[in-house]
Amino acid sequence: MTIRFTPSISDAMIESMDVFDAFRTGEELLADRFPRDAVRVLRKVVDAEPGNAAGWELLGRAHFAAAQLSPAEDAFRRLVEIEPTSAWAQTALGLSLDRQSRHREGAVHHRLAAAMGASPHDATRVELVDRQAG
């Protein structure tokens, strides 16, 4: 049996981290299922390096895991701006819109992801939206 303790990450600790350490810490926190703490740490990464696609992806994933859907959408939109040909980014944005019951908007991004050869699940999501509209 594994006992996990809630991490104690202070603002001072975050401030003292360099960007690389903040990224790695955010990655570990998300993997250990502490997405809200991961968000706090990962803000440092994207604030310091606004063009860092990996930072935006991880921040979006952390927001999504914490059910902070509007901030997840914002992070994934930024990721799509940085990497418009990333099928994964299109799928993530589509999923964040789906979870907000904005299926029509999400379908646009699932269509793009499907066209880029992403998961067949994207095409299925588009079919479901089209079926409900018809």
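The values are calculated or read from the model by the stated rules, or taken from the named source; none is laboratory data. None of these values were measured; they are calculated from a predicted model. Note: ideal-geometry Cβ built from the backbone for every residue, glycine included; neighbour counts use all protein chains shown. For the accessible areas, the whole protein counts, side chains as well, though only heavy atoms, and no ligand, DNA or RNA atoms are used. Shrake-Rupley method; radii C 1.70, N 1.55, O 1.52, S 1.80 Å.
Structure data summary
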item: Kirkwood Rh in Å, taken over region 1-66 so that all alpha-carbon pairs contribute; result: 11.7 Å
item: Cα shape, region 44-86, gyration tensor, a/c 1.5 rule; result: oblate
item: Computed magnitude of the charge dipole of region 1-123 (debye, nearest 20; Cβ of K, R +1, Cβ of D, E -1); result: 460 debye
item: Heavy-atom accessible surface of the chain: percent carbon and sulfur, 1.4 Å; result: 53 percent
item: Sequence-separation-based contact order of the chain, relative, with Cα cut under 8 Å and 6+ spacing, percent; result: 14 percent
item: Accessible heavy-atom area order of Ser86, Ser70, highest first, probe of 1.4 Å; result: Ser70, Ser86
item: Environment charge at Arg78 (Cβ cut-off 15 Å; Lys +1, Arg +1, Asp -1, Glu -1); result: -4
item: Helix axis angle, 120-133 relative to the chain longest principal axis, alpha carbon, degrees; result: 60 degrees
item: Accessible surface, region 1-82, averaged per residue in Å² (probe 1.4 Å); result: 57 Å²
item: Calculated semi-axes √(5λ) of the Cα gyration tensor in Å (choose from [x] 31, 16, 12; [y] 23, 17, 14; [z] 30, 18, 15), label; result: [x]
item: Electrostatic dipole magnitude of region 46-98 [Cβ: Lys, Arg +1; Asp, Glu -1; Cα centre; debye, to 20]; result: 100 debye
item: Sparse-neighbour loop sites [trypsin sites (Lys or Arg not before Pro); region 15-92; at most 16 other C-beta within 10 Å; DSSP]; result: Arg33
